[in-house]
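Notes for the one structure printed next.
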Amino acid sequence: MKRRNFIQQTAATTALVTLGGLGLQSFTTSRTKKITILHTNDVHSHIIPFGPNNGRNANKGGVARRASLIESIRAENPNTLLLDAGDIFQGTPYFNYYGGELEFKLMSMLKYDAATIGNHDFDNGIDGLYAQLPHAKFDFVSANYDFSNTVMDTHVEPYTIFKKEGIKIGVFGLGIELDGLVGKNHYKETKYLNPIEIAQDMSRILKTEKQCDLAICLSHLGYNYRNNPEIVSDVKLAKATKDIDLIIGGHTHTFLRKPTIEKNIEGKNVLINQVGCYGLYLGKIDFYFDSDKSKAANGTSIIV
Amino acid sequence: MNFKYFILGVYICFFSSCKQETHLSKIEGKRIEINDTLSSNQAIEDYIKPYREHVEKDLDSVLAYSVDTYTKNNGDLNTAIGNFMADAVFELSNPIFKSRTGKDIDMVLLNHGGIRSIISKGDITTRTAYEIMPFDNIVVVAELKGTYVLDLVSYLQNARRAHPISKLNIKLGSNFELIEATINKEPIDVNRTYYVATNDFLMNGGDRMTFLKKRDSLYVLDYKIRNLLIDYFKKVDTINPVIDDRFIQIK
């Protein structure tokens, strides 16, 4: 009996020390939490690095190199998410030979957290995409494709929420209009919904209802259509919506040297990033959260 | 016992009254180039290896022999490589089209930009077919009224580019005026329709070949052009295409 009491007390003391440590930090000093968002887009089945004789991308890219880079970033900050903005499929014989199996398997090994669906992901038809789903150990998010009358029904969510060290990160997906880009026989009964309207719903759900600290849009709409300003793009989306912190884009293979900043409908900053294509770059956005109220007045500094 | 209450107190304080709002104070963004300064993850390399070996072995399998090096820049209004492609599309698509519809393809139209690589002198492999045609475009056959075939001819006349054609012959004069346009050696008849084989890229508006939008019926052969080329290379032993008189300017 005495011995049991002693163990109880020891356990309690340990708990107190731990709590005390945490408590002190949250009461007196400011505690910074860092969330790292890593992202790719339009990898287009590029698995092997470009060879030394390639005219444009010699010795660049390669999944195995991306893996070691991601591993080192995760070792430095475990509060890391890895996302892809679509067009995983099509572009090298690996897709033609294996139908996307290897792409999904490798992304699973790299521990991707979520991806959205690009137009080329329909290249073997919606059935071809569905057939590869067992190899994908990450979530697919798409809010403006209504898959309810297709085989993809229940396999794609409009959004997903991750929690890292108490920080809630909501990620939703947007896809491009398929009509004209993809044969109807391939996308079948997939319905395309207005991305701006859907994005407004999503950001409200994530920020207001679900109380997310961050709302991220994984978009395959394309960065900007200067010659066709009526086409919905990431830039247009950023300006027309609110409560989105970051748009990770794809489709237009736009190599942004650094993320761009747009003002949303409320005049607040929205970051847009896109890293070209073929796995030549990895995008990295770090969000720092501070619990020090005195710093809150200073707003958010953006360093790009 | 008192000690336990103290712990409880700490808990209450920690989880309720002392909970603080977090504030997004800073965002940093950049891109990191994936290049040969990064080490490769060995587990990933090992995982890819059997897939890679299979793909490489298959891609390097020799299918035919090319007598010369052919490029799309060698030739003005028709090129040897373009003629080869358009003729191959006719030769392998027509039996399929005929078996499905009982009709013959009248002509083939592809696009110059769709020839994505040269064919080098020597062994032709599966890789050659992937290089020429990395996209998954398929053969489609559009039924076009004679008047729209004339639009097709004036498109080519204005483009002055070696878009690959087969069974269609065009002669232009020194000012690029149309002298003669024939299909299977007959003048184009505005009172009949023609079956024009092309690819789905052009059919869907690629290269602004708008006359294709005015088609009547459309037949989707679901035959990838790359696979057609592979089948063609397997069928023939050697390729030796030439620049001919199918699309010429008489100066």
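The values are calculated or read from the model by the stated rules, or taken from the named source; none is laboratory data. Computed from a prediction, not measured in an experiment: that's the story for all the values here. Heads up, the Cβs are rebuilt from the backbone with ideal geometry, glycines too, and the neighbour counts pull from every protein chain shown. When the accessible area is computed, the model is the full protein with side chains, heavy atoms only, and any ligands, DNA or RNA have been set aside. Shrake-Rupley method; radii C 1.70, N 1.55, O 1.52, S 1.80 Å.
Work out the length of the dipole vector of chain A about its Cα centre, built from +1 on the beta-carbon of each Lys and Arg and -1 on the beta-carbon of each Asp and Glu, and round it to the nearest 20 debye.
Result for chain A is approximately 1500 debye, rounded to the nearest 20.
Report the FRET efficiency, 1/(1 + (r/R0)^6), for A:ARG74 and B:HIS54, where r is their Cβ-Cβ distance and R0 is 30 Å, rounded to 0.05.
Approximately 0.45, to the nearest 0.05.
Cross-link list B:LYS171/B:LYS214; B:LYS57/B:LYS234; A:LYS168/A:LYS210; B:LYS145/B:LYS214; A:LYS163/A:LYS263: which exceed 19 angstrom alpha carbon to alpha carbon?
With Cα atoms farther than 19 Å apart: B:LYS171/B:LYS214; A:LYS163/A:LYS263.
Express the Stokes-Einstein translational diffusion coefficient of the range A:3-303 in µm² s⁻¹, to the nearest whole number, given a Kirkwood radius over alpha-carbon pairs, 10 °C and a viscosity of 1.306 mPa s.
77 µm²/s
Based on the Cβ-Cβ distance from A:GLU197 to B:THR147, what FRET efficiency comes out when R0 is 45 Å, to the nearest 0.05?
Step by step, r from the Cβ atoms, then E = 0.55.
Could you report the buried accessible area between B and A, both sides summed, computed with a 1.4 Å probe and given in Å² to the nearest 100?
Result for this pair: about 5500 Å² buried.
Label B:ARG116 and B:THR210 with points 7 Å out from Cα along Cα→Cβ: what is the distance between them in nm?
2.9 nm
Tell me the mean residue ellipticity at 222 nm calculated for chain B from its helices only (DSSP H runs of n ≥ 4, each -39500 (n - 2.57), averaged over every residue, nearest 500).
Counting only the DSSP helices, I get -11000 deg cm²/dmol.
Mind ranking B:HIS112, A:HIS39 by accessible surface for me, highest first, 1.4 Å probe?
B:HIS112, A:HIS39
Among B:PHE211, B:ILE243, B:PHE97, whose Cα sits farthest toward the positive end of the charge dipole of chain B (+1 at Cβ of Lys/Arg, -1 at Cβ of Asp/Glu, about the Cα centre)?
Positive-end residue among those listed: B:PHE211.
With each label point set 7 Å from Cα along the Cα-Cβ vector, what nm distance links A:THR208 and B:GLU177?
If labels sit at A:THR208 and B:GLU177, their model points lie 7.0 nm apart.
Can you spot the aspartates and glutamates whose alpha carbon is less than 19 Å from B:LYS26's alpha carbon? Ignore those fewer than 8 places along the same chain.
Cross-link targets: A:GLU76, A:GLU165, A:ASP213, A:ASP243, A:ASP245, A:GLU262, A:ASP286, A:ASP290, A:ASP292.
Grab the other residues whose beta carbon is less than 15 angstrom from that of A:PRO93, score K and R as +1, D and E as -1, and report the net.
Local charge sum for A:PRO93: -3.
Can you show me the helix-derived [θ] at 222 nm for chain A, built from DSSP H runs with n ≥ 4 at -39,500 (n - 2.57) apiece and divided by the number of residues, rounded to the nearest 500.
-8500 deg cm²/dmol
Put a dot 7 Å past each Cα toward the Cβ at A:ALA240 and A:ILE261; how far apart are the dots in nm?
Simple spin-label model gives 2.4 nm for this pair.
Residues with beta-carbon under 12 Å from that of A:THR36, excluding A:THR36: net charge, scoring Lys, Arg +1 and Asp, Glu -1?
Once all neighbours under 12 Å are counted, the net charge is +1.
Relative contact order (percent) for chain A, with alpha-carbon contacts under 8 angstrom and 6 or more residues of separation?
20 percent
Among bridges DSSP assigns within the range A:3-303, what percent are antiparallel (round to 5)?
Counting only bridges with both partners in the range A:3-303, antiparallel ones make up about 50 percent.
If packing is taken as the average number of other Cβ atoms within 10 Å across a peptide's residues, how do B:81-93, B:161-173 rank, most packed first?
Top of the packing list down: B:81-93, B:161-173.
Nearest-5 percent of antiparallel DSSP beta bridges in the protein assembly as shown?
65 percent
Among the aspartates and glutamates, select those whose C-alpha is under 12 Å from the C-alpha of B:LYS98, and discard any that sit fewer than 8 residues away in the same chain.
Candidates past the 8-residue exclusion: B:ASP106.
Nearest 10 degrees is fine. How inclined is helix B:42-59 to the longest principal axis of chain B, computing both from alpha carbons?
With rounding to tens, the tilt is 10 degrees.
Net charge near B:THR69, counting Lys/Arg +1 and Asp/Glu -1 over other residues with Cβ under 14 Å of its Cβ?
Within the 14 Å Cβ shell, the charges total -1.
Residues in the range B:97-112 near a label at B:GLU186, defined as backbone nitrogen under 13 Å from the 7 Å Cα→Cβ point?
From the range B:97-112, the list is B:104-107.
Can you give me the angle between helix A:2-27 and the longest principal axis of chain A, using Cα atoms only, in degrees from 0 to 90, rounded to the nearest 10?
Taking the Cα atoms of chain A, the angle to A:2-27 is about 60 degrees.
For the range B:185-251 and the range A:173-250, write down the distance between their C-alpha centroids in whole Å.
Result: 38 Å between the Cα centres.
With charges set only on the Cβ (+1 for Lys and Arg, -1 for Asp and Glu), what does the dipole of the protein assembly as shown come to about its Cα centre, in debye to the nearest 20?
My answer is approximately 1980 debye.
Which peptide among A:45-55, B:138-148 comes first, and what is the full order, when sorted by highest mean count of other Cβ atoms within 10 Å?
Descending mean neighbour count gives B:138-148, A:45-55.
How large is the Kirkwood hydrodynamic radius of the range B:62-249, counting all unique pairs of alpha carbons, in Å?
Computed over Cα pairs of the range B:62-249, the Kirkwood hydrodynamic radius comes out at 16.6 Å.
Kindly work out what percent of the DSSP beta bridges joining two residues of chain B are antiparallel, to the nearest 5.
80 percent
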